[in-house]
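**Student:** After the structure tokens below, expect a handful of questions from me.
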């Protein structure tokens, strides 16, 4: 079946550090890929998405590239801020089964 | 404003007392889903619905029921809640046919079963 694997957290960084959160997936066919962010006390919000191989999604300084050859969708940001502290979820949409699958989430804490 | 509305935000109940968590969306989305979020386990899908009168089990459906009589509403029913159903619950919706349609989430319902 389909699955999403993320790096274990929590991840703690200093402000302005470089961020990478790894995400790999297993899916039949060609899924759409997403990163969602959950700020404390809130629901998940879409951060960025990519719908086909080599697409790059970007938003708020975050980027992720759909790599079909490595089945990966790693999240990166060049310089994190304290306000980026949140839980980040990698997810895929299975276009055949017509359903979403989420990774376990990675908690990021950014210290001033 | 486009949104997914869950009620209540917080609920404390006792074992065995039936409860319903409501979910409503105003975006005419076909797809709706319920998730539970637990520490260390991430987001797990309970049930989902592709359209009115169509529902399917997710990864953890035991102890839950859902119904989809109207497009906008997707209530989650716990007929006989147990303490292991203490969790944070999220409802979400999206368009079914657009492959790049993201999920829109409600703000969550924190349920405690004693």
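The values are calculated or read from the model by the stated rules, or taken from the named source; none is laboratory data. The model shown is predicted, which means the values in this text are computed figures rather than measured ones. FYI the Cβ positions are ideal-geometry reconstructions off the backbone, even for glycines, and counts take in every protein chain you see.
**Student:** Which of (1) more than 11 Å from chain A (Cβ to nearest Cβ); (2) more than 15 Å from the chain's Cα centre (by Cα) is the odd one out, the single condition residue B:74 does not satisfy?
**Tutor:** Going through the list (1) more than 11 Å from chain A (Cβ to nearest Cβ); (2) more than 15 Å from the chain's Cα centre (by Cα), residue B:74 breaks only (2).
**Student:** I need the full set of residues from segment B:41-62 which are surrounded by 13 or more Cβ atoms within 10 Å (Cβ to Cβ) and over 14 Å from the mean Cα position of the chain (by Cα), in order please.
**Tutor:** Scanning segment B:41-62 gives B:42, B:51, B:52.
**Student:** Filter segment B:58-69 for residues that are more than 10 Å from chain A (Cβ to nearest Cβ), under 22 Å from residue A:2 (Cα atoms) and touching a strand residue (DSSP E or B) at 6+ places or on another chain (Cβ under 6 Å) and give the result.
**Tutor:** B:60, B:61
**Student:** For segment B:16-52, which residues satisfy the criterion of being over 20 Å from residue B:101 (Cα atoms) and either away from chain A (no Cβ under 12 Å) or in contact with a helix residue (DSSP H, G or I) (Cβ under 6 Å, 6 or more places away or on another chain) (or both)?
**Tutor:** Answer for segment B:16-52, where residues must be over 20 Å from residue B:101 (Cα atoms) and either away from chain A (no Cβ under 12 Å) or in contact with a helix residue (DSSP H, G or I) (Cβ under 6 Å, 6 or more places away or on another chain) (or both): B:16, B:17, B:18, B:19, B:20, B:21, B:22, B:46.
**Student:** Filter segment A:36-67 for residues that are closer than 21 Å to residue B:38 by Cβ and more than 9 Å from chain B (Cβ to nearest Cβ); which is surrounded by the most Cβ atoms within 10 Å (Cβ to Cβ)?
**Tutor:** Looking at the filtered set, the residue picked out is A:37.
**Student:** Looking at segment B:18-36, can you tell me whether even one residue there is more than 29 Å from residue A:4 (Cα to Cα), touching a residue at least 60 places away in the same chain (Cβ under 8 Å) and in contact with a strand residue (DSSP E or B) (Cβ under 8 Å, 6 or more places away or on another chain)? Outline the logic, then answer.
**Tutor:** To start, the set of residues in segment B:18-36 that are more than 29 Å from residue A:4 (Cα to Cα) comprises B:18-20, B:26.
Then drop every residue that is not touching a residue at least 60 places away in the same chain (Cβ under 8 Å), which leaves B:18-19.
Those still in the list that are in contact with a strand residue (DSSP E or B) (Cβ under 8 Å, 6 or more places away or on another chain) too: B:18-19.
There is at least one residue in segment B:18-36 that is more than 29 Å from residue A:4 (Cα to Cα), touching a residue at least 60 places away in the same chain (Cβ under 8 Å) and in contact with a strand residue (DSSP E or B) (Cβ under 8 Å, 6 or more places away or on another chain).
**Student:** Pull up segment B:1-40, narrow it to residues that are under 16 Å from the mean Cα position of the chain (by Cα) and farther than 16 Å from residue B:91 by Cβ, then point me to the one that is modelled with the lowest pLDDT.
**Tutor:** Going through the qualifying residues, I end up with B:38.
**Student:** Would you check if residue B:90 is at pLDDT 95 or above, within 14 Å of chain A (Cβ to nearest Cβ) and within 12 Å of the chain's Cα centre (by Cα)?
**Tutor:** Yes; evaluated as a whole, the condition is true for this residue.
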